[in-house]
1. Alpha carbon centre of the range 11-27 versus the range 146-213: separation in Å?
2. Give me the Kirkwood hydrodynamic radius of the range 681-745 in Å, from all C-alpha pairs, to one decimal place?
3. Please give the FRET efficiency for residue 222 paired with residue 394, using the beta carbon to beta carbon distance and R0 = 51 Å, rounded to the nearest 0.05.
4. Percentage of Cα-Cα pair distances in the range 551-665 greater than 17 Å, rounded to whole percent?
5. Measuring from label point to label point, each 7 Å out along Cα→Cβ, what is the residue 344 to residue 508 span in nm?
6. What order, most packed first, do the peptides 713-722, 223-232 have when packing is the mean number of other Cβ atoms within 10 Å of each residue?
7. In whole angstrom, note down how far apart the Cα centers of the range 690-724 and the range 64-139 are.
8. Order of 335-344, 418-427, 151-160 by packing, highest average Cβ count within 10 Å first?
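No value in this document is a laboratory result; all are computed from the given coordinates. None of these values were measured; they are calculated from a predicted model. No Cβ is skipped: glycine too gets one built from the backbone with ideal geometry, and neighbour counts run over all protein chains shown.
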Ligand code: BGC
């Protein structure tokens, strides 16, 4: 196709080429009729298609009605499934709906890292962990693209807040950027080859993402080999010509003629090489023709089947957080009351550009009724969450008369939407009051939470059961009923930590400050990387989730004990379903470096969801490579493995490690650091390449302190040897030793 595209670009006029680099309207690229170049449409979003009914309606915040389509579980829910196969299928289902609606590009998935629980779009995003993020995003992209529809990874990069999202400058050190905020994109780009990427609105280290050469060119294209095109988020263009140079191809939506004209002028004035424009147009056209090739005018989909799949998917995403007295699943025949208006009007998605028009909405009450469940019901609060004494009294009365009280509560629509962050992690007063009042009169309270991001749960000790249902898409209510009644055994695990309170979150002192500059001061310590390192109490840890059955972890073993550059190690173990019902377990692999002084305690590097019948046992196997042991050295601009011991930890959450195997990383290239007068003697004495040279220098110039081994050298730099030489060691001689040391190590050491 490359030849055809190049030929096409050759035939285009300068004006046509410049025009190709911005939208024709709100959701479509321009066509060039004389050359048979079609415009292509693109629509949101991450958990279902939101195809606007009118072509050029300006609706990036989702306020207009769109064509009806299926709303699948939102990002945070999907991620809690920890199931790549499921995300691949969700992608396929969404892709099929795009085909049926003649939409060749879907604007999702949204994969920004959850830095704070407060980000207004957390419900759209996947997780706080970059590895999990990348793997799940790749699965989703592969699913969508397997249908011949392009996906769009967004928002690149470090768009972890809504406050001042169009102007804010995210100040992040390079290591943190690479290890936390870019790794998810990197994995997804390398593994799933997305057709497009959307840049974020914000700046990163002083430069808007739309013109950030470091991100768009150096990293995305050169290092990761991204082959598609990059578009702006809607209105994120800052300087059209500069962006083109930096590697931003398509400006969305239409910008009027102004920016197209700016490109034409810049080329004419010799300020922009025409080849840069040609390259951008080629990249756009490759996707346009790919889309045309895949278009299927006969494509249809079966709404019922898609709804059934959405229900199945939603049930895979819900997380059972607590189940004392094994109150769940609910026993048939028990006297049950359902409390809380969310049971009647069940919320299932968030607000903004991801909002899907579904045409069908279920409620927990209806779905429980459909199962023949008998129960009484009271509203308990008004939907927006205000406390209402009379509603509360009525609900408390029912709770007192029932054996089990199920309270459906969480966050109302207004709390979770694009373009606004939450101000606290608290649930509305009315919801909290309902839970606490019910718990006063009934000792068997089960709470079903409906929300897209963590909430504070000061009431947690007073209730027996908690099901985190998230925002599970249009068939969410059915999935909740399936789990409450035991027709589905819950198998979701948290893809984010639930801290006890907002103040515990590592970004707390630097988030939501109403400033134009935000320092990512917590660095690499995001989510569990922080809580686990600090050994802090959390409400529920990363990776956590219960089941109606129990799993036993067998002994883990590795295929070898040492790993060298370019090699891999396999670790495996057997998992058994030791309970009475079918269930699924997510086995998680974390890597713990023995020397974790400048690193998180442990980091996720593998996961696998397995299904087991009662009594059944299966083997789970993971492969660990160099990158899984490495950290990003900003000094070198590269990933590096430090030699030494690493523990491979297998478990059921970041805090529930069941099996450990030790391995050693050997023969890895050291970290080159030029040795200078400030290099510490203790470090040199521990390096066999340097020890002899330093010993000799000390012997000659400072024999009195040479013999000392009581830690005196640990923090003493080379230049201090001068002091102890009583003037005999000159700067010149010291420099000779330093040169010798650099020669011995190749200008490198491994400290
Ligand atoms: C959002 C994007 C979305 C775009 C188009 C923007 O406001 O940030 O995620 O794809 O609008 O609707």
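1. 25
2. Working: mean 1/r = 0.0854 Å⁻¹.
Taking every pair of different Cα atoms in the range 681-745, averaging 1/r and inverting gives 11.7 Å.
3. Numbers: r = 64 Å, r/R0 = 1.26.
It comes out at approximately 0.20.
4. Numbers: 3615 of 6555 pairs.
For the range 551-665, the share of Cα pairs beyond 17 Å comes to 55 percent.
5. Each label point lies 7 Å from its Cα, and together they span 3.8 nm.
6. Numbers: 713-722: 17.4, 223-232: 21.2.
Ranking the peptides 713-722, 223-232 by packing returns 223-232, 713-722.
7. That distance is 59 Å.
8. Descending mean neighbour count gives 151-160, 335-344, 418-427.
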